[in-house]
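The values are calculated or read from the model by the stated rules, or taken from the named source; none is laboratory data. For clarity, every value in this text was computed on a predicted model and none was experimentally measured. Cβ sites come from the backbone with ideal geometry, for glycine too, and all protein chains shown count toward neighbours. When the accessible area is computed, the model is the full protein with side chains, heavy atoms only, and any ligands, DNA or RNA have been set aside. Shrake-Rupley method; radii C 1.70, N 1.55, O 1.52, S 1.80 Å.
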Amino acid sequence: MGLIAGNRQFPFLFARAARDQGYKIIAAGVLGDTSPLLYFFVDKFQYFKVGELKKLFGFFRDHGVSQVIMAGQVNQDHLFNPAVKLDEEFQALSNALRDRKADTIFSAVADRLAQEQMSLLDSTFLLKKYLAPKGTLTKRGPSEVELKDIDFGTTIAKLMGGIDIGQTVVVKDKAIVAIEAMEGTDQTIARGGKIAHQGAVIVKQSKPAQDNRFDVPVIGPRTIQTMASVKAGCLAIEAGKTLIIDGDKTIDLANRANICIVAI
């Protein structure tokens, strides 16, 4: 099994689950994004610079990889960094893109993997038990005001996802305070939370046509820590479609901060 590993804990979660089920994991890390500690959780680990697509394909071929998983974010700053040099493989792929949306880029990579006889799999296929169950996950449930903001925010988040802008919206009193673009969830929460001052509702939803091979909604302890830092009050996620990293710690942090987490 080939693993294209980005940052944070998602690659570790997948690697542990895959090893427990007997898979041999050949991991490609993104230089500057992927933790070097992943080395200890996989069978083979090698770093690649952003843009080294040909080298990546060769690495997987040399190790007999036929199935690939993408897990973890890659810093979107690479997209506009003039220091990033694309090899001829990645440059050809880039030139053929109709736009630079995340789904467009990852779909093109998936198509190239298929041409190399490697199938890109649903990144949650070994992680179903980590998907959010439906209902209130914390001691505190949402207030009536928060429920109205959740309903409003969910509609906005689905509209955003439908045009592949982002998955997260920050709402307060049925006002759109911030929407996620390329900066990621945590920065969106921090930005919106400062504007709302306190009591913001964070809504994170999958896209209407979510491709689980990439860009799966994920929350974890850092999400809650960011919310607590701006005194946000409630997090609404999508049941059965959102991965929760380190669930016990995530819920404990939320309870301590009097933050409600609800999966709808």
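Does the range 234-244 contain any residue that is in contact with a helix residue (DSSP H, G or I) (Cβ under 8 Å, 6 or more places away or on another chain) and open to solvent by 40 Å² or more (accessible area, probe 1.4 Å)?
Within the range 234-244, the first condition is being in contact with a helix residue (DSSP H, G or I) (Cβ under 8 Å, 6 or more places away or on another chain), and the residues that meet it are 234-236, 243-244.
With the extra rule that they be open to solvent by 40 Å² or more (accessible area, probe 1.4 Å), the set shrinks to none.
No, that holds for no residue.
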Scanning the range 1-37 for residues that are surrounded by fewer than 20 Cβ atoms within 10 Å (Cβ to Cβ), in contact with a strand residue (DSSP E or B) (Cβ under 6 Å, 6 or more places away or on another chain) and not charged (D, E, K, R) gives 6, 7, 31
Which of the residues that make up the range 253-262 are open to solvent by 20 Å² or more (accessible area, probe 1.4 Å) and either closer than 17 Å to residue 131 by Cα or in contact (Cβ under 8 Å) with a residue 60 or more places away in the chain (or both)?
-> 255, 258
Every pair of residues 6+ apart whose Cβ atoms lie under 7 Å, when the first sits in the range 86-102 and is surrounded by 14 or more Cβ atoms within 10 Å (Cβ to Cβ) while the second is part of a loop (DSSP other than H, G, I, E, B) = 86/51; 87/51; 87/52; 90/51; 94/86; 101/164; 102/164; 102/215
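Within the range 42-54, identify whether any single residue is hydroxyl-bearing (Ser, Thr, Tyr) and either touching a residue at least 24 places away in the same chain (Cβ under 8 Å) or more than 30 Å from residue 220 (Cα to Cα) (or both), and answer yes or no.
Here is the first cut: in the range 42-54, the residues hydroxyl-bearing (Ser, Thr, Tyr) are 47.
Now narrow it down to the ones that are either touching a residue at least 24 places away in the same chain (Cβ under 8 Å) or more than 30 Å from residue 220 (Cα to Cα) (or both): none.
Within the range 42-54, none of the residues are hydroxyl-bearing (Ser, Thr, Tyr) and either touching a residue at least 24 places away in the same chain (Cβ under 8 Å) or more than 30 Å from residue 220 (Cα to Cα) (or both).
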Within the range 69-85, how many residues are closer than 16 Å to residue 4 by Cα, open to solvent by 70 Å² or more (accessible area, probe 1.4 Å) and at pLDDT 90 or above?
-> 0
Within the range 48-67, is even one residue assigned to a helix (DSSP H, G or I), open to solvent by less than 10 Å² (accessible area, probe 1.4 Å) and more than 21 Å from residue 89 (Cβ to Cβ)?
-> no
What is the number of the single condition among (1) over 30 Å from residue 53 (Cα atoms); (2) part of a helix (DSSP H, G or I); (3) open to solvent by 10 Å² or more (accessible area, probe 1.4 Å) that residue 111 does not meet?
-> (1)
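Of the residues in the range 159-199, how many are under 21 Å from residue 8 (Cα atoms) and small (Gly, Ala, Ser)?
In the first step, residues of the range 159-199 are kept if they are under 21 Å from residue 8 (Cα atoms); the result is 166-168, 180-191.
Still in the running and small (Gly, Ala, Ser): 166, 181, 184, 190.
Qualifying residue count for the region: 4.
Residue-wise test of (1) free of Cβ contacts under 8 Å to residues at least 24 places away in the same chain; (2) out of contact with any strand residue (DSSP E or B) (no Cβ under 9 Å at 6 or more places or on another chain); (3) not β-branched (Val, Ile, Thr).
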position	(1), (2), (3)
170	no, no, no
177	yes, no, no
182	no, yes, yes
188	yes, no, no
205	no, no, yes
222	no, yes, yes
237	no, no, no
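What residue, of 178, 196, 157, is modelled with pLDDT of 95 or more, over 14 Å from the mean Cα position of the chain (by Cα) and within 23 Å of residue 80 (Cβ to Cβ)? Break it down into steps so the answer makes sense when it comes.
Numbers: 196 fails: within 23 Å of residue 80 (Cβ to Cβ); 157 fails: within 23 Å of residue 80 (Cβ to Cβ).
Within the list 178, 196, 157, the selection yields 178.
Among the residues of the range 200-227, write down those that are aliphatic (A, V, I, L, M) and in a helix (DSSP H, G or I). So that I can check it myself, show each step before the final result.
Let us first name the residues in the range 200-227 that are aliphatic (A, V, I, L, M), namely 200-203, 209, 216, 218-219, 224, 227.
Scanning the range 200-227 gives 224, 227.
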Which one is farthest from residue 248 (Cα to Cα), of the residues in the range 130-164 that are open to solvent by less than 50 Å² (accessible area, probe 1.4 Å) and touching a helix residue (DSSP H, G or I) at 6+ places or on another chain (Cβ under 7 Å)?
-> 164
